[in-house]
């Protein structure tokens, strides 16, 4: 994020910061409720997205992410693409922490 963008975010009230997110995370069974989001930059990889999902959720089993095209997004060093991502689990419960957007 550029220093100009960072300066702008400092001026935006916290409740409105979600408007600046270009990458949003949803549960696969709740596609209308945003669980979290971020502003993906050029230096962020898919593995960073997986790490962030682990921060806002606790999994009792394995999970994976799919993008809007229903393509599997692997935890790797490829750049994050802005858009929507959906969390899929193996059917075990997922606990969500923090505030939903």
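Looking only at residues of segment 1-20 that are closer than 21 Å to residue 81 by Cβ and either at pLDDT 85 or above or exposed (fewer than 11 other Cβ atoms within 10 Å of the Cβ) (or both), we find that the one that is nearest to the chain's Cα centre (by Cα) is 19. For the list (1) modelled with pLDDT of 85 or more; (2) outside any helix (DSSP H, G or I), I need the number of the one condition that residue 31 fails. Only one criterion is unmet by residue 31, namely (1).
Results for (1) without any contact (Cβ under 8 Å) to a residue 60 or more places away in the chain; (2) closer than 17 Å to residue 21 by Cα; (3) buried (at least 16 other Cβ atoms within 10 Å of the Cβ), shown as yes or no for each residue.
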residue	(1), (2), (3)
39	yes, yes, no
45	yes, yes, no
54	yes, no, no
60	yes, no, no
63	yes, no, yes
76	yes, no, no
79	yes, yes, no
84	no, yes, no
90	yes, no, no
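Could you say whether any residue in segment 49-64 is modelled with pLDDT of 90 or more and assigned to a loop (DSSP other than H, G, I, E, B)? No, the conditions are met nowhere in segment 49-64.
The values are calculated or read from the model by the stated rules, or taken from the named source; none is laboratory data. Please read these numbers as outputs of a predicted model, since none were measured by experiment. Please note: Cβ atoms are built from the backbone with ideal geometry, for glycine as well, and neighbour counts cover all protein chains shown.
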